[in-house]
Amino acid sequence: MAITGVGITTPNVAPADPAQTATRRRHGLHRLLVNGKVTSGLVMLGVLTLIAVFGQALAPFDPSKRSSDILQSPSLKHWFGTTHIGQDIFSQVLVGTRSVMFVGFTAGLVATIIGVVIGVTSGYLSGSAAEGLSAISNVFIVIPALPLIIIITNVVPNSGDWTIALVIGFTSWAWGARLLRAQTLSLRRRDFVEAARATGESTWRIIGFEILPNLTAIIASSFIGTVMFAVATEIALAFVGISGISEWNWGEILFWAQGQQALPQGAWWWFVPVGLCIALLGTALSLVNFGIDEFVNPRLRASGQSTVKASDGSRVRMKVGFTPVLADPSRSKEIGI
Amino acid sequence: MTVTTEVVLAAEGLTKHFPVRKRGRELLSRTNHVVHAVDDVDLVLRRGWVTALVGESGSGKSTVARLLAQLYPRTSGDIRLHGESAAVSTARGGRRFREYSRKVQMIFQDPFASLNPVHTVRYHLTRALRIHGRAGKGKQELHSALAELLGRVQLTPAESYLDKYPHELSGGQRQRVAIARALAADPEALLADEPVSMLDVSIRLGVLNLLRNLKERLNLAILYITHDIASARYFADDTLVMYAGRMVEGGDSETVTQHPAHPYTRLLVDSAPDPDRITGSAQGLVQEEGVGEPPSLITPPDGCRFHPRCPFVMDKCRTALPPRFDVGDTETHWAACWLFEEAKA
Amino acid sequence: MSYFLRRLAFYVFTAWAALTINFFIPRLIPGDPVSALVNGMRGQIDPAQIQSLTVLFGLDKKQSMWEQYTSYLAQLARGDLGISFGNFPLPVSEVLTQALPWTLLLIGVTTVLSFLLGTLLGVFAGWWRGSWIDGLLPATTFLSSIPYFWLGLIAVALFTGVGSFLPASGGYEPGLVPGWSGEFIDSALRHSLLPAATIIVASVGGWLLAMRNMMVTVTAEDYITVAHAKGLSERRVMMNYAARNALLPSVSGFGMALGLVVGGTFLVEYVFSYPGIGLQMLDAIAKHDYPLIQGIFLVVTLAVLAANFLADLAYMALDPRTRKEG
Amino acid sequence: MKTDPVLEIKGLSVDYGLGNQAVRAVRDVSLTLNRGEVLGLAGESGSGKSTLAYGLTRLLPPPGVVSAGKVIYYPPGGEPVDVLSLTPAGLREFRWAETSIVFQGAMNSLNPVYKVSTQLIDVLEAHQPGMSRQARTARARELLKMVGISEDRLDAYPHQLSGGMRQRVMIGMALALEPKIVIMDEPTTALDVVMQRQILRQLVDLRKRFDFSVLFITHDLSLLVEFSDRIAIMYGGRIVEQAPASVLYRDSLHPYSDGLLHSFPALRGPRRDLVGIPGSPPDLRSMPSGCSFHPRCPKAFDPCSVDVPVLGTPADLQGPARKVACWLHPIRNSAD
């Protein structure tokens, strides 16, 4: 039936598409890093980490050392001003970074490890043990965290950074556990897990090599969430004077500022730089988390250009329900992809 | 079609009831509700032979495959490998299960879901080879084993597929990788759960032909599960029909599809699209039998499970469960329907 | 129905867990501050109160743990939480009755307001992606990264002081007698404005972001496209189809987030010296007033549970899938 | 053959994304839907068939944009309307009253938090504001009855209905305003064959009563051959063949149509040889040059990899109803 009647007339054919180069597929870590939010968040975190490590060395003064420069506003000598007994606030901020970062990341690590163990086990296994673990995490979510932490910190002797980090870590794993459990439950029913079982993989290998790698994004995001919570909690504890006064941290600067009535005296520099540092750290962590959210849920990704020129010349926002009709329907010009 | 080969895998009285979560007032009552997903299923898979299992979604056909793969624990019944009971007591892990999985492998419906998105083709196949001790010694042997596997499913050259992630492959290529993974164990029986239903129409045939080719070359026993009765006719030697958790009809594929005996099979065959019935606008569609939907499997109807929809329903159908009756047209053709009671006598 | 019963069972379990944690914590306190106090106060403290402290802190070493536990529960059932050391000789329950209404009103009202405001803004931000309201996100993210109390301090510095309409601290004008007088209510409202604004500004961003992301996710669902295809008005598609569905996870998240929110608001009370539970708690900690700390923890936990329960009821009213099968 | 058009698509192109990131999913498609006919649109995933349907109704979510073309609707006895140049208000009025859509996922096309009745009624509220409350409820009841669902289901929530029932509700809803065009995007793909047959039967019946045109989109060619009057086959964003159903089935011209027809086994009649199509469907981001089917085509020859064949009536065949885009069948010069 194939009638080959070549060469009658060549109709008005559109020019042929040029051969396409294979599109580079981006995936995994690389795609996460090209996300601007993640990169800028990580850069900010990197700077703060450097300060945490080298803060002691960089600090121009001993943060606890008194001087005659009492309650001075920011100057070239004291970038963030001084306290009521002449301590250099800039040095305090630099030195205090370490404790904040240490507690934040240690607590985050502890909570994430507990969360992963409890969440993934209760998600993958079934039966009453799993139900019990899930009930316990729900209890820990509902119980008000800060009062509980305050009480425990108050009861435990020697509340140094390690203690605080551990207390926060041991009380704030439940959110992560809950998220991971939900995700594990849905992964467990996925065919690739069944397929791994059918192939003959052992249970621990399925959990470790089939399920866990698929949870990376959620683990990272729950880790960052816990770090945010731990930082806020540590600063709050220091601010109300519950944790020990052995090491400098940002909350402690605020504690002294509050105790010495800094704001009523107009000593804004005692509060504002520290507050901005806290906000900076929080924003950096949030940015990374936004990036991870967008990585996990592609619908959240911004679609680049959000407005187009419509056929009537006006600019139209791209939105669900009303597909824009492009202005220039030049049909001869095929869009080069 | 009287050549019968050796039985590789047999199921006897296979039954699976899933517990239902109690709700509300039931918490106080003693009755335990279950979903009767699969009830009393007998089937055999023969060497070099394709057996099709046809049914609607929810009829329990996928559960049968998972029971045969021993991914689910059975409620009752037995699974025999070469005549010996091969039932593993718990569905989880264990050396006995691994031994069983060396002989019986499964292919899943959705190749987009059955490969782990974070692992490469190489990882999937290497694991399958390692588990079953067929990875050989050293890199060289492993590589040739991988290349041979991919060659079997016509993915050549192997180098251009080994380091790809699943999302870099098309649907058909993924399903071939999944088949290669199943073959890595060098199994005797292959359970294919709707292996082509998620693939594009134009490439389905390629995968089915590959399976048929493998069956002939490797002398595999294949269970082909499908909702498309026409493809059962094309691809399978025997066809079994399942409705609401029970087998209702069986026999050689040509007879079952061309001369369906059970009223449900007839409904299924009549409902299938038929391009030869060209009518312009589907006038041939006007007929009013078999309306309604499949029953709840929590409280399945007494007697024959098809009786509420059956146009030929008799009093007996409502109370008594029909056993298998010979239909009489071919040796192997049977139907679980009271209409064929006399034919047996 | 089954959803409701499951939730109810969970609350009972959580309440029990909180009671039990509360039982064990004082038993971990090193030393014996309680008996020291009891000894010091002998003569002024009545025997019933000594008895209740004994039960609360497990001072009666002759009793087994189980006996201590049962008498502890029995005592709680009577509403007896011991006496407050810091407010001697007031019973803890009385201190709580005075402080609780302030907290419930301030935190309850502002949290609900902040949730409603954030959710509404989130609906708009998610619906008109890339619009100015969506552009608020970086600002709100920054604001929610700042601790509540720091924002409160700045608010005090900026908006209070001599001649300002807004007072810097307290719950009402000193000298006024709490009651239903117009003058008192006016004063109480004025005192609550700044702390309330602080809580709202600090927490609205979180709700906004959550709702915005849910809106974006829901907008891609088929039923939204169907609603557009049906030619419904934009407002109807946005509110009745998109927002109505996006709200569900937000509401269930609301209950769970309360446990976190409460902590932050306590510090706001501290900064504003607002006479609520949070201030009492920090005060009690400074004074090592263990019975009061315990009582507060218990009451706060139960209050959060109750709020969770209300959120659950709201969820059930909003999502027909949780109701009984038809 | 009726030739009274109700909808004319002219040179429609639809892209995903803008500028140099744009991926063209529908390429210069022209298609006419006649009054009262069932036009089947078949193709594999990625062929652009759904994109075409959503593009012409402007329901394609971002980043989809209509980059060229016209969609003309001919109301009975009225002036033709270009759907693509309607204002949002005009488009809203046009939707559902003139064209309604039945979506693929019956599971997700109903709002889970509202009763069936509410969702039937809000269409009436939006388009016929003058209607009384009782009249609306009565109409909703009538619509359910029309698709064979008992009235007491009016107060049911979507999750209380089976998949088949939900799809019936959607069909009833699609007919609420008695539109002239109903677009069906794989309406029965998620259903079992028995249910599929029941619903199609009902649809045939309803079409006789209300005389609307159907654009029926599916990947199941065997279903289309039986069910539709005319069939258009899409590949790589273009229509490659268009013919009356019976003609296409008996004698397809395009090798792709031919391959599709030989890809599904027949249930009845003699066993026939199945050929299938080698290779896989093209990636929209890197389309082959020339005819996008040429890498898979068993009959490809010189021009196929270079020039794109244009859809038109082939010179070597009679009959105005057939069109094909294949270098094996060069089109008649006067075709357009």
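Tabulated results
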quantity	calculated
Count - residues of region D:201-212 that are touching a residue at least 24 places away in the same chain (Cβ under 8 Å), at the interface with another protein chain (Cβ under 10 Å from one of its Cβ atoms) and surrounded by fewer than 21 Cβ atoms within 10 Å (Cβ to Cβ)	2
Count - residues of region D:37-76 that are modelled with pLDDT of 90 or more, over 13 Å from the mean Cα position of the chain (by Cα) and more than 7 Å from every other protein chain (Cβ to nearest Cβ)	6
Within region C:60-152, helices (runs of 4 or more DSSP H) holding 3 or more residues that are within 26 Å of residue C:45 (Cα to Cα), away from every other protein chain (no Cβ under 14 Å) and β-branched (Val, Ile, Thr)	C:92-103
Enumeration of residues in region C:284-309 that are facing chain A (nearest Cβ under 10 Å) and without any contact (Cβ under 8 Å) to a residue 40 or more places away in the chain	C:285, C:286, C:293, C:300
Hits in region A:279-308 - residues which are in contact (Cβ under 8 Å) with a residue 24 or more places away in the chain, at the interface with chain C (Cβ under 10 Å from one of its Cβ atoms), open to solvent by 10 Å² or more (accessible area, probe 1.4 Å) and among the hydrophobic types (A, V, I, L, M, F, W, C)	A:280, A:287, A:290
Residue B:74 being among the charged types (D, E, K, R), open to solvent by 10 Å² or more (accessible area, probe 1.4 Å) and not in a loop (DSSP other than H, G, I, E, B)	no
Qualifying residue in region A:125-133 (condition: more than 14 Å from chain C (Cβ to nearest Cβ), surrounded by fewer than 23 Cβ atoms within 10 Å (Cβ to Cβ) and assigned to a helix (DSSP H, G or I))	yes
Number of positions in region A:46-59 that are open to solvent by 20 Å² or more (accessible area, probe 1.4 Å) and of a type outside the set (Ser, Thr, Tyr)	9
Residues located in region B:227-241, provided they are among the aliphatic types (A, V, I, L, M) and in contact (Cβ under 8 Å) with a residue 60 or more places away in the chain	B:229, B:232, B:236, B:240, B:241
Test: residue in region B:195-204 that is among the charged types (D, E, K, R), open to solvent by 10 Å² or more (accessible area, probe 1.4 Å) and in a helix (DSSP H, G or I)	yes
Looking only at region A:141-163, and only at residues there that are over 26 Å from residue A:180 (Cα atoms) and among the small types (Gly, Ala, Ser), the one that is modelled with the highest pLDDT	A:160
Breaking point among (1) of a type in the set (Lys, Arg); (2) open to solvent by less than 50 Å² (accessible area, probe 1.4 Å); (3) facing another protein chain (nearest Cβ under 8 Å); (4) touching a Gly at 6+ places or on another chain (Cβ under 9 Å), for residue B:61	(3)
For residue D:40: the one exception among (1) surrounded by fewer than 22 Cβ atoms within 10 Å (Cβ to Cβ); (2) of a type outside the set (Ser, Thr, Tyr); (3) in a strand (DSSP E or B)	(1)
Some residue of region D:24-34 being modelled with pLDDT under 90, of a type outside the set (Val, Ile, Thr) and either farther than 19 Å from residue D:322 by Cα or surrounded by fewer than 24 Cβ atoms within 10 Å (Cβ to Cβ) (or both)	no
Single condition residue D:109 does not satisfy, out of (1) within 8 Å of another protein chain (Cβ to nearest Cβ); (2) among the small types (Gly, Ala, Ser); (3) part of a helix (DSSP H, G or I); (4) open to solvent by less than 30 Å² (accessible area, probe 1.4 Å)	(3)
Region A:135-163: number of residues that are more than 10 Å from chain C (Cβ to nearest Cβ) and either open to solvent by 30 Å² or more (accessible area, probe 1.4 Å) or part of a helix (DSSP H, G or I) (or both)	5
Flag for residue D:256 being among the aromatic types (Phe, Trp, Tyr), more than 9 Å from every other protein chain (Cβ to nearest Cβ), within 26 Å of residue B:173 (Cα to Cα) and open to solvent by less than 30 Å² (accessible area, probe 1.4 Å)	no
Answer from B:237, B:270 - the residue that is modelled with pLDDT under 95, open to solvent by 10 Å² or more (accessible area, probe 1.4 Å), touching a helix residue (DSSP H, G or I) at 6+ places or on another chain (Cβ under 7 Å) and on the phi < 0 side of the Ramachandran plot	B:237
Residue match in region B:167-185 (condition: over 27 Å from residue B:219 (Cβ atoms), hydroxyl-bearing (Ser, Thr, Tyr), open to solvent by 40 Å² or more (accessible area, probe 1.4 Å) and in a loop (DSSP other than H, G, I, E, B))	no
Pair list, Cβ under 6 Å, 6 or more apart: region D:157-172 residue more than 10 Å from chain C (Cβ to nearest Cβ), other residue in a helix (DSSP H, G or I) and open to solvent by 10 Å² or more (accessible area, probe 1.4 Å)	D:164/D:195; D:172/D:146
Residue in region A:80-90 that is open to solvent by 50 Å² or more (accessible area, probe 1.4 Å), of a type in the set (Val, Ile, Thr) and farther than 16 Å from residue A:274 by Cα present	no
Within region C:153-171, considering residues that are assigned to a loop (DSSP other than H, G, I, E, B) and without any contact (Cβ under 8 Å) to a residue 40 or more places away in the chain, the one most open to solvent (accessible area, probe 1.4 Å)	C:162
Residue within region C:200-222 that is within 14 Å of chain A (Cβ to nearest Cβ) and either more than 30 Å from residue C:318 (Cα to Cα) or without any contact (Cβ under 8 Å) to a residue 12 or more places away in the chain (or both) present	yes
Tally, over region C:271-296, of residues that are within 24 Å of residue C:115 (Cα to Cα), open to solvent by less than 30 Å² (accessible area, probe 1.4 Å) and part of a helix (DSSP H, G or I)	3
Matching residues, region D:66-97, being crowded, with 20+ Cβ neighbours inside 10 Å and not hydrophobic (A, V, I, L, M, F, W, C)	D:67, D:69, D:73, D:92, D:95
Unique residue being part of a loop (DSSP other than H, G, I, E, B) and open to solvent by 10 Å² or more (accessible area, probe 1.4 Å) when the list is D:285, D:272	D:272
Residue under evaluation residue C:69, criteria (1) closer than 25 Å to residue C:262 by Cα; (2) out of contact with any Lys or Arg (no Cβ under 6 Å at 6 or more places or on another chain), criterion not met	(1)
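The values are calculated or read from the model by the stated rules, or taken from the named source; none is laboratory data. What you are looking at is a predicted structure, and each value in this text was computed from that prediction instead of being measured. With ideal geometry, Cβ positions are generated from the backbone for all residues, glycine too; neighbour counts draw on all protein chains shown. Heads up: the accessible areas ignore ligands, DNA and RNA and are worked out on the full protein's heavy atoms, side chains in. Shrake-Rupley method; radii C 1.70, N 1.55, O 1.52, S 1.80 Å.
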